[in-house]
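Below is one structure, written out as C-alpha cells; comments come after it.
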Amino acid sequence: MLPQWESLIKTAQENGLAIEINTSGLRKPVGEIYPSEKIVELISKYEVPIVFGSDAHRPEDVGRDFELAKALALKCGITSVGRFEKRKVVQQVPIEHRS
C-alpha cells in the first residue's frame, strides 16, 4: 500500500499541493489521526506542505487535538505548516508545539 501512497505524495509535490493531517479520526471508531504515521513520514520525505484539519461540525471541535497532530508532524520531521492565499501555499510557518 505504501508504494501507492508514495506515488500520490510525489504527485502532490510535483504539482505544488499540500496534504492535510486531520484529527477527526480520534473522535471516530478508528481512533487515530489521518493519515497514518508511515504516510506522514513519506510526506516529510518529499517535503510536501501540510495543513491541519479537524473536520469540525460543531464549534467545540474546531482545532480539536491539534497538539497531537503537531506532535505527529514534528516526530516525522515536518517542522512547518503551509499558509495559503488564493488557494496557494505562500509561506511555511514554523510549527509550535506545547509540551
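The values are calculated or read from the model by the stated rules, or taken from the named source; none is laboratory data. In this text the structure is predicted, and so the values were computed from the model without any measurement. Backbone-built Cβ (ideal geometry, glycine too); neighbour counts: all protein chains shown. Keep in mind that these areas ignore ligands, DNA and RNA; they rest on the heavy atoms of the full protein, side chains included. Shrake-Rupley method; radii C 1.70, N 1.55, O 1.52, S 1.80 Å.
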Requested in this report: Please work out if Thr23 is β-branched (Val, Ile, Thr) and either over 22 Å from Glu96 (Cα atoms) or touching a Ser or Thr at 6+ places or on another chain (Cβ under 6 Å) (or both).
Outcome: yes
Query - Residue ranges of strands (runs of 3 or more DSSP E) in segment 13-99 with at least 3 members more than 27 Å from Pro3 (Cβ to Cβ) and either at pLDDT below 95 or open to solvent by 30 Å² or more (accessible area, probe 1.4 Å) (or both) - result: 80-85, 88-94
Report task. Please list, ordered by first then second residue, the pairs with beta carbon atoms under 9 Å, 6 or more apart or interchain, first in segment 55-67 and closer than 18 Å to Glu96 by Cβ and in contact (Cβ under 8 Å) with a residue 12 or more places away in the chain, second in a helix (DSSP H, G or I) and open to solvent by less than 50 Å² (accessible area, probe 1.4 Å). Result -> Arg64/Ser24; Asp65/Ser24
